[in-house]
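Written out below as structure tokens is the structure these notes cover.
Read the figures in this text as sums done on the coordinates, not as results from a lab. Computed from a predicted structure; not experimentally measured. Neighbour counts run over all protein chains shown; Cβ positions are idealised from the backbone, glycine included.
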Amino acid sequence: MKTILSIAFTILLAFSAGSQNKVNSMKDLDYGVEVKTLKVKGDISLAYTDEGAGDETIVFIHGLASYIPAWKKNTAVLKNNFRCIAIDLPGYGQSDKGNYEVSMEFYADVVVELCTQLKLKNVVLAGHSMGGQVAITAALKYPTIVHKLILIAPAGFETFNKGQRQWFRDVMTADGVRLTTAEQIRINYAYNFYNMPDDAEFMIDDRLAIRSASDFGDYCYHITQGVNAMVNTPIYDFLPQVQQATLCIYGANDNLIPNRYLNGGKTEKYAKAGASRMPNCKLEMIQDCGHFVMFEKPDEVNAFIANFLAGM
Amino acid sequence: MDRFILSGFLNYNLGSIRQKPAGSESFNKKTTISGLAANLRAGYRYGQTPGDAIIADMLFTSGDNNGVSDSKYTGVITSNTWGSPGGIFIGHGGYLLFPHGNVVNRFLAAVTDISNIGYGIAGGTLNFSKDLIPNKLHSKIGGAGGFSVIAPNGGGNFMGWEANAKLGYDFGAYLTVEAHGAYMGLGDFYDSRLTNGGVDTRPVNPWVGFVCLKWLMF
């Protein structure tokens, strides 16, 4: 009996160990494509991928707690017609993670500095969630550089009162992020989708793997800073000032927008409210789709983007 | 947040009760114990939120028709036997047949704990929930039914059926107002004087309705 139990325990241990990879640094994450770096803001190493070619360059900006591979189903297709550059914001993925004064403007400056250094023309910023708010901020601050906007489930269309903003600041702590259990990590990712695709599992694997990374603590800090940056500089009142042609795409069944704890309700209400404030914005709602629109419904999103950039 | 939900438990009590008579140096085996409790919860999330789901919850516990008089006990022993709450089956969506966490008479449900006063139970609940407004306005209708594994003297096995409904509205973070209602039709299990409080007729069917404010404060 003891022999059987010890064999069963060994097998269980082997499976447990095998299912949880670890990385020493978040720079060790495998993106499956060549990752380049350049220095922004003086000494911040910014990681990016650069694929394809075309008259227009799409710069992809990920959302909170995300990274470059979140766009892989889009760049894989869109690179056939466009130059596709996806970045890891400072604090995320393979980019440096220092004690920066994080704000939407800081992120916008970083994105535009990348565009300037790479001498990009006809820049189209594509931002998901928090990245959408970054893209809007950049479009407002640098209207001559940002040519068009693609907003995918952007933050900033949903507004929060003073108490709700403080709730965000109180709830999101670096320790809270750092100590999130494996089970809760899985639940959190599942909330990003209407039907979580099997091929999204790598995001969970990576999120579990980075818990052992030397820069994981800094990453956790940056997530809290990202939340603070979003709530500290609401963008809603400035939406009418965005002059660039804009494509906005939301999943109709987004469990993150509106925030399910603070507001709840149908995503479409918030999507329409925000999009209607932007003078040149076209809104597309995708049914049976959650917050991670570009990964859950890549074919629809890629088609919308291609048509938008083709002027259709 | 997966589409399919499956969970459950299986407990099996196996052993014996031994007593040490006064003045004796050795223990005497008095009663052998063999009790089984099993639960299966299965569900499907058909919509956007965890509130868009259909969930079935099934419970079986073994019973015993003569207590320990034959030195064998095949019912389930819960810590309720000694007066502290344990083995209480909540979170299944029922109110009257099985105890509910928000009902003031939670310990006075038809099945007070999973041992069902030693008779055992085979029953369950079925709940259909829908978020009328996603993550905002929640609704649920449900039903429950149960059979006692052992029929009490003078009564039958059918414990009864229950129909219930719930409506909840989120006012803010962890702040919800809920209205609940449930009705239970008693079965022939309650024809027995052993289970109906010692009266000659089956008691009236119970119902409950209540409104509650849930506020989880940090």
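Filter segment A:180-212 for residues that are of a type in the set (Phe, Trp, Tyr) and part of a helix (DSSP H, G or I) and give the result. Give the steps one after another, and end with the answer.
The first filter runs over segment A:180-212 and keeps only residues of a type in the set (Phe, Trp, Tyr), leaving A:189, A:191, A:193-194, A:202.
Scanning segment A:180-212 gives A:189, A:202.
How many residues are surrounded by 15 or more Cβ atoms within 10 Å (Cβ to Cβ) and either more than 11 Å from chain B (Cβ to nearest Cβ) or of a type outside the set (A, V, I, L, M, F, W, C) (or both) when one looks only at segment A:179-194?
Filtering segment A:179-194 for residues surrounded by 15 or more Cβ atoms within 10 Å (Cβ to Cβ) gives A:180, A:185-186, A:188-194.
Keeping just the survivors that are either more than 11 Å from chain B (Cβ to nearest Cβ) or of a type outside the set (A, V, I, L, M, F, W, C) (or both) gives A:180, A:185-186, A:188-189, A:191-192, A:194.
Counting residues in segment A:179-194 that are surrounded by 15 or more Cβ atoms within 10 Å (Cβ to Cβ) and either more than 11 Å from chain B (Cβ to nearest Cβ) or of a type outside the set (A, V, I, L, M, F, W, C) (or both) gives 8.
Of all the residues that make up segment A:236-269, how many are more than 10 Å from every other protein chain (Cβ to nearest Cβ) and buried (at least 22 other Cβ atoms within 10 Å of the Cβ)?
7
Could you check residue B:111 against (1) outside any strand (DSSP E or B); (2) within 14 Å of another protein chain (Cβ to nearest Cβ) and say which number it fails?
(2)
Among the residues of segment A:201-218, write down those that are closer than 22 Å to residue A:153 by Cβ and crowded, with 18+ Cβ neighbours inside 10 Å. First the steps, then the outcome.
Applying the first criterion (closer than 22 Å to residue A:153 by Cβ) to segment A:201-218 yields A:201-204, A:206-207.
Residues satisfying the conditions are A:203, A:206, A:207.
Do we find that residue A:134 is in contact with a strand residue (DSSP E or B) (Cβ under 9 Å, 6 or more places away or on another chain) and either in contact (Cβ under 8 Å) with a residue 40 or more places away in the chain or not aliphatic (A, V, I, L, M) (or both) in this structure? Outline the logic, then answer.
Numbers: in contact with a strand residue (DSSP E or B) (Cβ under 9 Å, 6 or more places away or on another chain): yes; either in contact (Cβ under 8 Å) with a residue 40 or more places away in the chain or not aliphatic (A, V, I, L, M) (or both): yes.
So residue A:134 fits the description; yes.
Taking the conditions exactly as written (assigned to a loop (DSSP other than H, G, I, E, B), among the polar types (S, T, N, Q) and within 28 Å of residue B:52 (Cβ to Cβ)), does residue B:196 satisfy them or not? Lay out the reasoning, then the answer.
Details: assigned to a loop (DSSP other than H, G, I, E, B): yes; among the polar types (S, T, N, Q): yes; within 28 Å of residue B:52 (Cβ to Cβ): no.
It is false that residue B:196 is assigned to a loop (DSSP other than H, G, I, E, B), among the polar types (S, T, N, Q) and within 28 Å of residue B:52 (Cβ to Cβ).
Residues to consider are B:154, B:160, B:143, B:185; find the one that is at positive phi, in a strand (DSSP E or B) and away from chain A (no Cβ under 14 Å). Spell out how you get there, then give the answer.
Numbers: B:154 fails: in a strand (DSSP E or B); B:143 fails: at positive phi; B:185 fails: at positive phi.
None of the others qualify; the one that does is B:160.
Return the residues of segment A:270-283 that are buried (at least 19 other Cβ atoms within 10 Å of the Cβ) and either away from chain B (no Cβ under 14 Å) or under 19 Å from residue B:45 (Cα atoms) (or both); say none if nothing qualifies.
Matches in segment A:270-283: A:274, A:275, A:278.
Applying the selection to segment B:189-204, what residues are closer than 17 Å to residue B:98 by Cα and more than 17 Å from the chain's Cα centre (by Cα)? Working first, answer last.
Going through segment B:189-204, the residues closer than 17 Å to residue B:98 by Cα turn out to be B:189-190, B:195-196.
Within segment B:189-204, B:196 is the sole residue that qualifies.
State the number of residues belonging to segment B:163-182 that are within 14 Å of chain A (Cβ to nearest Cβ) and among the charged types (D, E, K, R). Quick ask: steps written out before the conclusion?
Restricting attention to segment B:163-182, the residues satisfying the condition of being within 14 Å of chain A (Cβ to nearest Cβ) are B:168-177.
Next, from what is left, pick out any that are among the charged types (D, E, K, R): B:170.
Total satisfying the criteria: 1.
I'm trying to understand the selection: among the residues of segment B:3-55, which are under 24 Å from residue B:94 (Cβ atoms) and of a type in the set (Asp, Glu)?
B:52
When the residues of segment B:128-140 are filtered to those that are in contact with a Lys or Arg (Cβ under 6 Å, 6 or more places away or on another chain) and part of a strand (DSSP E or B), which remaining residue is farthest from residue B:37 (Cα to Cα)?
Per the criteria, the residue is B:139.
Take the residues of segment B:21-40 that are among the aliphatic types (A, V, I, L, M) and touching a strand residue (DSSP E or B) at 6+ places or on another chain (Cβ under 8 Å): which is farthest from residue B:114 (Cα to Cα)?
Going through segment B:21-40, the residues among the aliphatic types (A, V, I, L, M) turn out to be B:22, B:33, B:36-38, B:40.
Still in the running and touching a strand residue (DSSP E or B) at 6+ places or on another chain (Cβ under 8 Å): B:33, B:36-38, B:40.
Values: B:33: 16, B:36: 10, B:37: 8, B:38: 10, B:40: 14 Å.
The selected residue is B:33.
Considering B:182, B:144, B:122, B:110, which residue is surrounded by 19 or more Cβ atoms within 10 Å (Cβ to Cβ) and touching a helix residue (DSSP H, G or I) at 6+ places or on another chain (Cβ under 9 Å)? So that I can check it myself, show each step before the final result.
Numbers: B:182 fails: touching a helix residue (DSSP H, G or I) at 6+ places or on another chain (Cβ under 9 Å); B:144 fails: touching a helix residue (DSSP H, G or I) at 6+ places or on another chain (Cβ under 9 Å); B:122 fails: touching a helix residue (DSSP H, G or I) at 6+ places or on another chain (Cβ under 9 Å).
Answer to the selection: B:110.
Taking segment A:49-71, which residues are farther than 20 Å from residue A:188 by Cα, in contact with a strand residue (DSSP E or B) (Cβ under 8 Å, 6 or more places away or on another chain) and not hydroxyl-bearing (Ser, Thr, Tyr)?
Of everything in segment A:49-71, those that are farther than 20 Å from residue A:188 by Cα, in contact with a strand residue (DSSP E or B) (Cβ under 8 Å, 6 or more places away or on another chain) and not hydroxyl-bearing (Ser, Thr, Tyr) turn out to be A:50, A:51, A:52, A:53, A:54, A:56, A:58, A:59, A:60, A:61.
Starting from residues that are over 20 Å from the mean Cα position of the chain (by Cα) and assigned to a loop (DSSP other than H, G, I, E, B), keep the ones in segment B:205-218 and report whichever is surrounded by the fewest Cβ atoms within 10 Å (Cβ to Cβ). Quick ask: steps written out before the conclusion?
In the first step, residues of segment B:205-218 are kept if they are over 20 Å from the mean Cα position of the chain (by Cα); the result is B:211-218.
Next, from what is left, pick out any that are assigned to a loop (DSSP other than H, G, I, E, B): B:216-218.
Details: B:216: 8, B:217: 5, B:218: 7.
Going through the qualifying residues, I end up with B:217.
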